[in-house]
Structures are given as C-alpha cells and as structure tokens.
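Please treat every number below as a calculation from the coordinates, not as lab data. The model shown is predicted, which means the values in this text are computed figures rather than measured ones. With ideal geometry, Cβ positions are generated from the backbone for all residues, glycine too; neighbour counts draw on all protein chains shown.
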Amino acid sequence: MSVKIILEKCSGCEACITSCPFGAIEMRDGKAFLTESCTMCGACLEACELKAIERTEQEIAAEATDLASYNGLWVFAEQHKSSISSVTLELLGEGRKLADKRKTKLSAVLIGHGVKNKAGDLIAHGADIVYVADDPALRDFNDDPYSAVLTTLARLHKPEIILAGATAIGRSFIPKVACVLHTGLTADCTSLDIDPENGNLLQTRPAFGGNIMATIVTPNHRPQIATVRHKVMKKADPDPLRKGDIIDIKFNSQGDIRTKVIKTVEDLTQVVNICEADIIVSGGRGLGDPKYFALIEELAKTIGGAVGASRAAVDAGWMPYSHQVGQTGKTVCPKLYIACGISGAIQHLAGMQSSDVIVAINKDPSAPIFNVATYGIVGDVLEVVPLMIKKFKELRG
Amino acid sequence: MNIIVLIKQVPDTSEVKINRETNTLIRDGVPSIINPFDTYAIEEALRLREKHGGKIIALSMGPPQAAEALKEAVSLGVDEVVLLSDRAFAGSDTWATSYTLAKGIKKIGAIDIIIAGKQAIDGDTAQVGPETADVLGIPFVAFIKKVESIENGKMIAERMMEEGFDVVETSLPVVISVVKEINEPRLPSFKGKMKAKNFKVTTWTAKDIGADENLCGLKGSPTKVVKIFPPTPRGQREILSGTIEQQVEQVANKLKDQMLI
C-alpha cells in the first residue's frame, strides 16, 4: 500500500495536516507533501474533502510467497521449569477461536526438557496437534536452539500463523524466527482477528505509549507472526477428553549455538510474576516513605495479589526494578489493579490502563490516575490503605 | 574494541496528547528526543570504551532531522556518528529497518559489539535489535542488565527475565539490548556540547550502503499498518463520596460483588 497526494486536486487547505498521527504532512509550494515520517497509515484519507489523497495497492512482486500453501495456526507453548505459562493457555483459547474461524487446525510447539507430559494439557486447552522438542539442551531458554527448533518446524509444515506470548522469552527469540523466515512480526498485540475476505490476521496493538491503537497485517508473507500480551486473551476451560496428536521432534544439537545460559537466578524479592498476576497492588511516591511499602505488601497479601511500583518509587530506590509497572517497566493487565499514591504519569498509565478494574487512591483529586480509574478514592493513602486491609479481611472472612 | 550504538529519534511520548475531537495525536510542540532506552546503550558503550579502549560509532536511520539525536550522542562522548537517510527508507517496518541498519553496519566494518536500547518508546516493538543481529548473522542477547566480562572473544552478561535473571555467555561479535537497570546515563559535558555543535554528521543513502531498494522502506516491509484509531475510552468511572470509611466500604463491596476479592 502506498499513500500519495494528487497535486492537481490539492487546494492547499491544510486540513490533512492535523489528521496525521505522525506529523508527516507539510505544505510545500502551497500543496500538501508527505515527508519521510509518513508510515502510509492512511489516517489522512478521510480528512481530505477534495479526495486529493489516495491510497494505492502496491504488490511486492519480488517476494511473492505462495500464500495458499500455508495453513494451520501455531502457538509457541512457553514453559518455565516444565510448567506451562498462563499466557500459553490464553493463546490456545484465542487460537482455538481463530483456527475455527479460519477452519484450520491449532497446533502447539512445546520446547524444553522433561516437558512431554504437559502435551496433554495443551490438547485439553484446545490444541489439535502438539509438537514436542524435549531435549536436555533445551532445558533453559536460549535464543539460538529455540529459534532453530521453531524455524525448522515452520519451514517443514508451513503454518499460516504463529502466536507467542509477548514475554521476555517471546520478545527475545521470536524476532529472530520472523527474520529467518523473512516475514512480518507484530509485537505486543492486544487483539487479533481474521479478515474474512483474504484470511489476513488483523493484529491490533497499542503504540505511542498507548495513545493510539494500530491494526497491522502481513499481506504478502507467511507465516504471519504475532506476540500477544499477557492476560488480554481468555483461557478456554480445559476438556480432559479432547483428543489430539503428539508428535516428537528430534532436536539436532549439532547446530550453531553461539549463546549459552550459564545459570539462572531467581529474584527472591518477587514472589509472583506481576505480568501473570490477577491482582496487583501498586505503590508510588505518594506513600511518602519507603517504609510504607509494607502497607502495600500487606494489602496485596490480604487479597492474594502481587506488588507493583511506579517508576518514581523504583527510581527512588524504594522497590526493585522488577516490580515496576509502566512503559519502561512491565505492561500488566490484571483483573484488579489498585494504585496507591500514584499520580498516573502517562508512562505509568501505558503499562496498566488495560486492567479490568482499576481502583485509585490519591489525595489530589486532579491526579490523572483518576481518568482511568473505575473507582477513585480521594484521600490520604496512609489512611485509606489500612482501612482497606481491615475491610477486605472482614469480607474475606 | 569497536562498538556501534543503535539510536532512534522519537517524539517524547510523555508529552504527546490526544485531540479528543479529531482523535489524533497533538504533535505541536512535542519535542524530539533520543529514545530514552538508547541513552542507557550510549552510556554502556562509554563505560566499555573506558575499560577496554576502542571507538564508538552511533548509528541511526531516519529523516534528516534525526541528525540532531546523533549530535546529542556526540555531546555525550561517542566518537563518530552515521545517519542512514533516504526517501527510499520511508515507511520501514522493523524488518526493513533492520535490513537497512545491517547494511550500514557492514559498511562501517569490523565491529565487536552492537548495543541497542530494549525498545523504542514510540513503537515499543523491541524487534530491531534481534532482527539486525539476524540479518548480520551474529548472535543477539536481549534485556542485558549487567555486562560482567568481555575477554577472549566472549562476553558474559546478565539478562533480565520475568522471574529473575540469566547469566549468559555469548561469542563476539554480538548485538545486545540493554534495560535501564544497567547504568545511570551521564549528562553531556560542556566540552561535549561544544564539540557536538559543529560536528558534521555523516549521512549515507541507500546507494551508499548498497541497499536493495526492494528490501527497504515500505516496499521491503512485510507488515503494513491498515488502521490507526484511538483506544476505546474506559467505561464506567466513579469517584466516590462520603467519609473515607464509607468510600472504602463501597469499593470493598463492589469488588466483592464482582468476585475480585
């Protein structure tokens, strides 16, 4: 696709300039001009009443892939220490729906060591086929061998779509897989759909710190690959009677392995991975003193949640970086997010505003956190949180 | 040791606001900055140079005004800067960007380490580092929070993961991406600022780096943006009233009703 200005039709009214999310339209010699910043998104098309901006379909002739020879939807089944990550089950839930829509099969690719007994869980959660590469050399996540397994399999079976979690692991090695297969990759998607006309995967993701959403397609390359955020897709209820095929993959460890994991160190300050938590209680600078994080921890413990922190609290050294929620930390999407003494800088909102229910506690009624809050309490966090702990304890018996 | 730092000029997204009437980004007066994650990459390169000697080249792809970001890198202490700028690069997705950067890197020559920020704050993809490594045919290690050692053609570094960190050994040359935990970026010195003022930024076009125009820009991009729209505003919003006790009670009951607690 390409966007161009039809100079004969352009009156120089400048109406298109403000419509451009990328600031890519300038006036030159009294006519609109698309600068290098143009991403051909087409947001300007509607702004022009004179229809002087046109979008043309432009095929990539050089790399025309035989699209019809690809079929099936794959999910990369991520596991830690032989336990399947929750994002994998979420992807199987969503993948099942998309595969049914596309009338195709859903497969899972499970890579690790001592993981074969988990293949049944993946089938119960919706997979028709599970490819298992079980080998001591695959025990720890490592970019080279993991991408080798996935790319070799993808070349052989030609799936139409590959989905992976937008986790540290997924975001580390999936780009290499996409690059080796020379296809498109869309990171960090929050919604997926199939275009009924052409079977393209419609991949929607936030950009500009969550200020805009973009829908992205990979029209001429296969497989279409996307990483998907934690918690935005719904797990299917497992059906232990579901039938599927388990296919063993032999891993050839003779390949080129240039990186190796010497050891893995668990972060002991972090009991729960905040990306996977259903409930997060976060604290910010509004607590006034790092010692009051004990209150946040107690509130979290009361309702079985994980502890998060704003960037300001992390930068001040009150909490380790692994707890940071926001654009420069982790993006989370829990069922319940309680923000305590967090003003809601845009970079924090970008990391938590898609949570299902948000409770905000802040003494400043004009704090931006209240713009995204489901329930807002204007008050001193040190007064509100202890009351909350007490009340929650009562309700939970 | 020769180091390349990949940098991107981005709009300061913390300053970006939405025009609620037209649902577009208001970019007027939004400053362009070096992608904040890249400042950690620059700082790490400076520290590695202090320890191991060598030269740092900052490389960027972007419109001509991205030269400003490279000049800022000069003020921080990098030795050379190269801007890849060509109309043919417009509309690049991460694959086409990585191809173009890899071509630029090959023209620069022998390199030991290429450092990128974890991701850029405008696109947030975290893909250009790993994809560039793949086009170059060298390894990639993401999310580095500490470089422990570099010796005998190998680097040992700590990679931040969701549940802790991995200690990873990799052969050189390598592309790494760094997280903000790795260091505290310095501010430009007065001398650095003076040097940057009149620094001539080397600019290379597609032809200069021998890039195939079919693989650059929009033409070379496997992904296409088909729609841009504002995020759906969040639904029901309640600021509660009454005493603090009453408000807490209301919230607790609502959460209980929704089976959240």
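Most mobile of B:Gly91, B:Gly217, B:Gly109 per a Gaussian network model of chain B (Cα springs, under 10 Å)?
B:Gly109
Let's see if you can work this out: charge +1 on each Lys and Arg Cβ, -1 on each Asp and Glu Cβ, no other charges. What is the dipole magnitude of segment A:88-141 about its Cα centre, in debye to the nearest 20? Before the final figure, lay out the partial values.
Numbers: 9 positive and 8 negative charges, 65 e Å.
Taking the Cα centre of segment A:88-141 as origin, the dipole is about 320 debye.
Just going by the charge dipole of the protein assembly as shown, with Lys and Arg at +1 and Asp and Glu at -1 on Cβ, which of A:Thr264, B:Asn253, A:Ile129 is farthest out on the positive end?
The one lying farthest along the dipole's positive direction is A:Thr264.
What number do you get for segment B:72-139 when its Cα radius of gyration is normalised by 2.2 N^0.38 Å, N = residues? Spell out each step's value before the answer.
Values: Rg = 12.5 Å, N = 68, 2.2 N^0.38 = 10.9 Å.
Cα Rg divided by the expected 2.2 N^0.38 Å: 1.14.
With point charges of +1 on the Cβ of Lys and Arg and -1 on the Cβ of Asp and Glu, referenced to the Cα centre of segment B:2-215, which listed residue (B:Pro130, B:Ile3, B:Val147) lies farthest in the positive direction of the dipole?
B:Ile3
Per Stokes-Einstein, at 25 °C and 0.890 mPa s, what whole-number D in µm² s⁻¹ belongs to segment B:2-215, with the Kirkwood radius over Cα pairs as the hydrodynamic radius?
Values: Rh = 17.6 Å.
Estimated via Stokes-Einstein, D reaches 139 µm²/s.
What list of ³J(HN,Hα) couplings, whole Hz, do you get for segment A:109-116 from phi and the Karplus terms 6.51, -1.76, 1.60, once you set θ to phi - 60° and write x for glycine and proline?
The phi angles translate into 10, 10, 10, x, 9, x, 10, 4 Hz.
Please tell me the relative contact order of chain A in percent, rounded to the nearest whole number, where contacts are Cα pairs under 8 Å and at least six residues apart.
Values: 830 pairs, mean separation 46.7, N = 397.
Dividing the mean separation by the residue count of chain A yields 12 percent.
Would you kindly state the longest site-free stretch of chain B, with sites defined as trypsin sites (Lys or Arg not before Pro) in a DSSP loop (not H, G, I, E, B) surrounded by at most 13 other Cβ atoms within 10 Å?
Values: sites that count: B:Arg20, B:Lys200, B:Lys207.
Result for the longest clean stretch: B:21-199.
Among B:Thr170, B:Thr94, B:Thr243, whose mean-square fluctuation peaks in a Gaussian network model of chain B (Cα, cutoff 10 Å)?
Per the Cα network of chain B with a 10 Å cutoff, B:Thr243 tops the list.
Over the protein assembly as shown, what is the percentage of antiparallel beta bridges among all DSSP beta bridges, to the nearest 5? Display every interim value, and only then the final one.
Details: 51 of 124 bridges.
Rounded to the nearest five, the antiparallel share is 40 percent.
Taking every residue in A:197-207, how many Cβ atoms of other protein chains lie within 10 Å of its Cβ, on average?
On the way: counts 0, 0, 0, 2, 0, 2, 2, 3, 3, 2, 9.
Mean partner-chain Cβ count within 10 Å for A:197-207: 2.
What are the ³J(HN,Hα) couplings of segment A:69-84, residue after residue, when phi is run through the Karplus curve with 6.51, -1.76, 1.60 and θ = phi - 60°? Round to Hz, x for glycine and proline.
So the J values, rounded to whole Hz, are 7, 9, 7, x, 10, 10, 10, 6, 8, 7, 9, 10, 6, 6, 10, 6.
Summing +1 for each Lys or Arg and -1 for each Asp or Glu, what net charge is found among the other residues whose Cβ lies under 12 Å from the Cβ of B:Ile261? Spell out each step's value before the answer.
Values: positive: A:Lys335, A:Lys391, A:Lys393, A:Arg396, B:Lys254, B:Lys256; negative: A:Asp278, A:Glu394, B:Asp257.
Neighbourhood net charge equals +3.
Can you give the charge dipole size of chain B about its Cα centre, rounded to the nearest 20 debye, using +1 on the beta carbon of Lys and Arg and -1 on the beta carbon of Asp and Glu? Show your work: numbers first, answer last.
On the way: 33 positive and 35 negative charges, 173 e Å.
Using only the charged Cβ atoms, the result is roughly 840 debye.
Under 5 Å between amide H atoms, partner at least 5 residues away or on a different chain: which partners does A:Ile162 have, H built in plane at 1.01 Å?
A:Trp74, A:Gln224, A:Ile225, A:Ala226
Stokes-Einstein diffusion coefficient for segment A:274-396 at 4 °C in a medium of 1.567 mPa s, Rh from the Kirkwood formula over Cα pairs: what value in µm²/s? Walk me through the numbers on the way to the answer.
Details: Rh = 13.7 Å.
Stokes-Einstein gives a translational diffusion coefficient of 94 µm²/s.
Using only helices, what value at 222 nm comes out for chain A when you add -39,500 (n - 2.57) per DSSP H run of length 4 or more and divide by the total residues, to the nearest 500 deg cm²/dmol?
Numbers: 9 runs with 92 residues, N = 397.
Calculated from helices alone, the mean residue ellipticity at 222 nm is -7000 deg cm²/dmol.
Taking H as built 1.01 Å from N, whose amide H comes closer than 5 Å to the amide H of B:Leu84, not counting residues under 5 places away?
Long-range HN contacts for B:Leu84: B:Ser60, B:Met61, B:Gly62, B:Trp204.
What is the Cα coordinate range of segment A:67-248 on the first, second and third principal axes, sorted by size from largest, in whole angstrom?
For segment A:67-248, the Cα extents along the three principal axes come out at 41, 34, 33 Å.
For segment B:123-261, give the magnitude of the charge dipole about the Cα centre (Cβ charges: +1 Lys/Arg, -1 Asp/Glu; no others), in debye to the nearest 20. Intermediate values should be presented prior to the final figure.
Numbers: 19 positive and 19 negative charges, 197 e Å.
Result for segment B:123-261 is approximately 940 debye, rounded to the nearest 20.
Count charges around A:His348 for me, please; just the other residues with Cβ under 13 Å from its Cβ, Lys/Arg as +1, Asp/Glu as -1.
Values: positive: A:Arg285, A:Arg311, A:Lys330; negative: A:Asp315.
Neighbour charge sum, excluding A:His348 itself: +2.
Give me the Kirkwood hydrodynamic radius of segment A:1-58 in Å, from all C-alpha pairs, to one decimal place? Before the final figure, lay out the partial values.
Values: mean 1/r = 0.0902 Å⁻¹.
Kirkwood hydrodynamic radius for segment A:1-58: 11.1 Å.
Which one, A:Pro21, A:Gly112, A:Leu156, projects farthest toward the positive side of the charge dipole computed for chain A from Cβ point charges (K/R +1, D/E -1)?
Positive-most Cα among the choices belongs to A:Gly112.
If you average the sequence gap of Cα pairs under 8 Å that are 6 or more apart and divide by the length of segment A:1-58, what percent do you get for the contact order? Spell out each step's value before the answer.
On the way: 96 pairs, mean separation 28.1, N = 58.
Relative CO of segment A:1-58 lands at 48 percent.
Pick from A:Thr104, A:Thr190, A:Thr259 the residue whose mean-square fluctuation is largest in a GNM of chain A, springs joining Cα atoms under 10 Å.
Maximum among the listed residues: A:Thr259.
So how do B:Asp166, A:Asp193 line up by other beta-carbon neighbours within 10 Å, fewest first? Provide the component values of the computation, followed by the final result.
Numbers: B:Asp166 22, A:Asp193 15.
Listed from fewest to most nearby Cβ atoms, that is A:Asp193, B:Asp166.
Over the Cα atoms of the protein assembly as shown, what radius of gyration and what Dmax do you get, in Å?
For the protein assembly as shown, the Cα-based Rg and Dmax read 24.8, 74 Å.
Would you tally the net charge around B:Lys227, using a Cβ to Cβ cut-off of less than 15 Å, leaving B:Lys227 out, and scoring K and R as +1, D and E as -1? Let's see the in-between values first.
Details: positive: A:Arg55, A:Arg205, B:Lys224; negative: A:Glu46, A:Asp193, A:Asp195, A:Glu197.
In short, -1.
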